[in-house]
Amino acid sequence: MSRSKEPRFSERLSTAANAKKAELEKFRAKSEANDAAFAERQADQRAISAAREARAAERKAAQLARDAQEAADKTARAAAEQAEQAAREADAAEQASREIALEAERKAARDARYAARKARTQKRR
């Protein structure tokens, strides 16, 4: 008797198929209701992503501009330092030539005194 109350295999298969169909319909109903909200969220996410990429591009452009400015400043500083070094070297060379000329004058004066002294001593003889 208890056998007649138990569902047969085909009944169990059809019950499982009906349950599966019901779950699928339930899922489709949910996804259709959320399609508009989902599309809106996707659009918002795309807009946020585009804004993020634009800010990143702006930051990169600003960084490139800063790098270019720093390179120009560095080049200008190097040129100024080079010009200053050349001026120092020119001053040093001028000072050296003045010292050489002064030393030559001193030597000429000393030689003249020596020659005068020698001439005086030779006159006496």
Counting Lys +1, Arg +1, Asp -1, Glu -1, what net charge surrounds residue 73 among other residues with beta carbon under 15 Å of its beta carbon? 0
Largest-first principal axis extents of the Cα set of region 30-102 (Å): 105, 10, 6
Once Rg/Rh (Cα atoms, Kirkwood Rh) is worked out from the coordinates, which option in (i) 1.95; (ii) 1.09; (iii) 1.06 does it equal? (i)
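Please give the length that would be gained between residue 97 and residue 52 if that part of the chain were fully extended, namely 0.36 nm times their separation in residues minus their C-alpha to C-alpha distance (nm, one decimal). List each step's numbers first, then the result.
On the way: separation 45, 0.36 × 45 = 16.20 nm, distance 6.66 nm.
Here the answer is 9.5 nm.
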Could you check the spin-label model distance between residue 35 and residue 61? Points 7 Å from the Cα along Cα→Cβ, value in nm. 4.0
Straight-line reach check, residue 21, cutoff 18 Å on alpha carbons, 8 or more apart in-chain or any other chain, hits among lysines -> 30
So how far apart, in nm, are the two label points at residue 69 and residue 15 if each is 7 Å from Cα heading toward Cβ? 7.8
Candidate lysines for bridging to residue 118, where Cα separation is under 23 Å - those fewer than 8 sequence places away on the same chain excluded: 107
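Given R₀ = 41 Å, what would the calculated FRET efficiency be for residue 122 paired with residue 84, taking r from the Cβ atoms and rounding to 0.05? If you can, show how the numbers build up before the last one.
Values: r = 56 Å, r/R0 = 1.36.
About 0.15, to the nearest 0.05.
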What span do the alpha-carbon atoms of region 76-125 cover on each of the three principal axes, reported in whole Å from largest to smallest? 72, 6, 5
Between helix 9-124 and the chain, what is the angle of the helix's C-alpha long axis to the longest principal axis, kept within 0 to 90° and rounded to the nearest 10? 0
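Values in this text are rule-based calculations from the coordinates and carry no lab data. All figures in this text were calculated on a predicted structure; none of them were measured in a lab. Counting neighbours? That spans all protein chains shown, and the Cβs are built from the backbone with ideal geometry, glycine included.
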